Amino acid sequence: MARTVWDSTVGKKTVMAVSGVIMLMYLVAHVIGNLKIFFGPEEFNHYGHWLRTVGEPFMHYEWTLWLIRVVLAGAVVAHAVCAYQLSRRDIKARPSKYVHRKPQASYATRTMRWGGIILGLFIVWHVLDLTTGTVHSGGFQAGHPYQNVVDTFSTWYGNVIYIVAMLALGLHIRHGFWSAAQTLGVGSRARDRALKTIADVLALLLTAGFIAVPVGVMTGVVS
């Protein structure tokens with residue numbers, strides 16, 4: 001049964017929708033946490049420490065954080081795999097190469113594909129930069145997220161990478177939220193306008209919230 005659902009187009013779209021909702025909930029929590037940087041290093045560093053102690057003493061140090069990471073990684077992988085497989089099916093379903101005029105993918109579809117690739121590459125860079133410190137521009141300081149963030153956004157390339165990725169994220173959320181609502185049966189003709197408005201507002205708020213951090217560093221508000 002599970003195999004049948006996974007192999008079907010509807011099943012893959014459902015997996016994409018559910019994994020997308022999981023990632024969206026994480027992003028909402030993540031942007032709220034990021035904005036704590038405007039309250040100063042003590043507040044932000046305390047927040048970073050709190051993330052590692054959530055659930056204690058029932059959960060060991062960092063266990064809750066790793067559980068979140070595993071769930072999120074699973075959602076990202078499932079989302080990406082389904083997106084790739086659905087894209088391949090879409091290409092195979094197009095008219096043969098002997099037909100001169102082929103229907104072109106919609107703007108939204110092209111945006112989602114390229115946006116997904118940009119975000120996938122960004123996630124790798126973001127983890128290596130602010131989690132492991134492997135590609136961090138300054139002297140990475142474990143346990144001092146405030147200074148690490150300031151270091152990253154004190155470089156032009158750190159700002160460019162992050163802002164471009166967040167703009168791609170906004171476009172991804174704008175289309176993905178509405179698409180997920182349709183897949184999960186929430187959408188209807190009567191609700192379409194409201195759902196599109198919610199998608200627009202969510203995309204705008206999340207994009208603005210994330211971009212506020214590098215802008216804050218660039219303008220000296222965060223230093």
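List of remarks:
- Selection within the stretch 161-191 - hydroxyl-bearing (Ser, Thr, Tyr) and at pLDDT 90 or above: TYR162
- Verdict on ALA181 being over 16 Å from the mean Cα position of the chain (by Cα), more than 18 Å from MET25 (Cα to Cα) and either of a type in the set (Gly, Ala, Ser) or surrounded by fewer than 18 Cβ atoms within 10 Å (Cβ to Cβ) (or both): no
- Cross-chain or 6+ apart pairs with Cβ under 8 Å, the stretch 151-162 first and over 8 Å from PRO214 (Cβ atoms), then outside any helix (DSSP H, G or I) and among the basic types (Lys, Arg): none
- Restricted to helices (runs of 4 or more DSSP H) entirely inside the stretch 1-94, those with at least 2 residues that are modelled with pLDDT of 95 or more and either more than 15 Å from the chain's Cα centre (by Cα) or hydroxyl-bearing (Ser, Thr, Tyr) (or both) are 9-34, 41-53, 63-92.
- When each of GLY133, GLY158 is tested for being in a helix (DSSP H, G or I), under 21 Å from the mean Cα position of the chain (by Cα) and either among the small types (Gly, Ala, Ser) or modelled with pLDDT under 95 (or both), the lone residue that passes is GLY158.
- Pair list, Cβ under 7 Å, 6 or more apart: the stretch 195-210 residue touching a residue at least 40 places away in the same chain (Cβ under 8 Å), other residue surrounded by 14 or more Cβ atoms within 10 Å (Cβ to Cβ) and of a type in the set (Val, Ile, Thr): LEU202/ILE173; LEU206/VAL31; LEU206/ILE173; GLY209/VAL31; PHE210/VAL31
- So ARG193, is it assigned to a helix (DSSP H, G or I), of a type in the set (Lys, Arg) and closer than 20 Å to TYR26 by Cβ: no
The values are calculated or read from the model by the stated rules, or taken from the named source; none is laboratory data. Since this is a predicted model, take the numbers as computed values, not measurements. Cβ atoms come from the backbone with ideal geometry, glycine included; neighbour counts cover every protein chain shown.
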